[in-house]
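A.B. asks: Please see the structure below; I have some questions.
Bear in mind that the values in this text are calculations on the coordinates, not laboratory data. Because the structure is a prediction, the values reported are computed rather than measured.
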Amino acid sequence: MLEVNHISFQYPNQEQTLENINFTLNKGEHLCIMGESGSGKSTLLKIIYGLLDVNHGTLYWNEKQILGPAHHLVPGMDFFKYVAQDFDLMPYTSVSENIAKFLSRFYPEETLKRTKELLEVIEMSEFAHVKVKNLSGGQQQRVAIARALAKEPELLLLDEPFSQIDNFKKNSLRRKLFKYLKEKDIACIVATHDGNDALSFADKMMVIRNHIIIANDTPANLYKSVKEKYVAALFDDINEVSIEGKVQLLYPHQFQVSKEGSLNVSVVTSYFKGSHWLIESLYNNQPLFFTNPSSIDEKKTVLLRVQNCL
Ligand code: ADP
Ligand code: MG
């Protein structure tokens, strides 16, 4: 189990980056760390991996203390793997060799089998013999993930792991990767600003803002509780509307066009979203977004009712 006990961190001559960060993660559990750019997600992953020395607090993996570079000749924990935002691979060697480099030379058959298995997880079997320098950024990112998994770490730290991977591949890769991690009981911490990474794949989700943790719960609870606009906005468009004098946070799908509705809105624009339309409207001069099965003409007025269920 990972224990992060009230840690604080500050880069030299900078304002505080992280303050009183406190959480635990069990074996095989998946945590998503979310927050806007510059909120300290990458810094926190580096601290957990042992690349930075904290100013206050302690970190443990099971009973072993995680210490920074001030205490180690070679920083980084043995049974953790960390895939940085700027993954560095060996450009002039093949995809297979990049993965196999971290496996034992004494068991060539086992190495071959593992490499093949990992190539399937990252959906790159047909690229096994291609030199890394000839791959796209997204493909290189996938190889970096496979390489980190080669030796089955106990904890995998991924920094924006799907940032360069196109949507077309992203969904199936995410499903495969997190299923594989669960099968192998590998704990995982993913830093991301994409709510979709959290919703379907994480057991827990933590949001960092202004140096501190502002939310820590299951993704479903955070989605449904809608206490903070900042948290809800990580998942979807969120409306902050004053209805009968009470300010409410509501997702677009919580409104429905209905003759019995009590909110009179004037349509501004309709955006096609594939399975539905997102309608931008004005309610008492406040912008209000709602979903609808079809587009609605500009300037038309419609009545909306609020569905409280999510
Ligand atoms: P995130 O990953 O959430 O975008 P980072 O952890 O990269 O955030 O950065 C958090 C803050 O620390 C930012 O203000 C950033 O400019 C600063 N920072 C990051 N790395 C360094 C560094 N090596 N030296 C000084 N400041 C840094
Ligand atoms: Mg970052």
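A.B. asks: Can you tell me what share of the DSSP beta bridges in the chain is antiparallel? A percent to the nearest 5 is fine.
C.D. replies: Values: 44 of 62 bridges.
Approximately 70 percent, going by the DSSP bridge assignments.
A.B. asks: Rounded to the nearest 500, what is the 222 nm mean residue ellipticity of the chain from helices alone, with -39500 (n - 2.57) per DSSP H run of 4+ residues and division by all residues?
C.D. replies: -7000 deg cm²/dmol
A.B. asks: Sticking with this structure for a sec: Quick check: the distance between the Cα centres of the range 1-69 and the range 147-210, to the nearest angstrom?
C.D. replies: The two parts, judged by their Cα centres, are 18 Å apart.
A.B. asks: State the volume of the convex hull built on the alpha-carbon positions of the range 1-157, expressed per residue in Å³ and rounded to an integer.
C.D. replies: About 146 Å³ per residue, rounded to a whole number.
A.B. asks: Here's something else I'd like to know. Top mean-square fluctuation among E36, E280, E244, Gaussian network model of the chain, C-alpha springs under 10 Å?
C.D. replies: E244
A.B. asks: What's the long-distance tail for the chain, i.e. % of Cα pairs beyond 25 Å?
C.D. replies: In whole percent, the long-distance tail amounts to 58.
A.B. asks: Helix 167-183 sits at what angle to the longest principal axis of the chain, using alpha carbons and giving 0 to 90 degrees rounded to 10?
C.D. replies: Value to nearest ten degrees: 60.
A.B. asks: Right, next: Semi-axes of the equivalent ellipsoid of the range 236-306: what are they in whole Å, largest first, if each equals the square root of 5 times a C-alpha gyration tensor eigenvalue?
C.D. replies: 18, 13, 11
A.B. asks: Expressed as an acute angle from 0 to 90° and rounded to the nearest 10, what is the orientation of the C-alpha long axis of helix 137-149 relative to the principal long axis of the chain?
C.D. replies: 60 degrees
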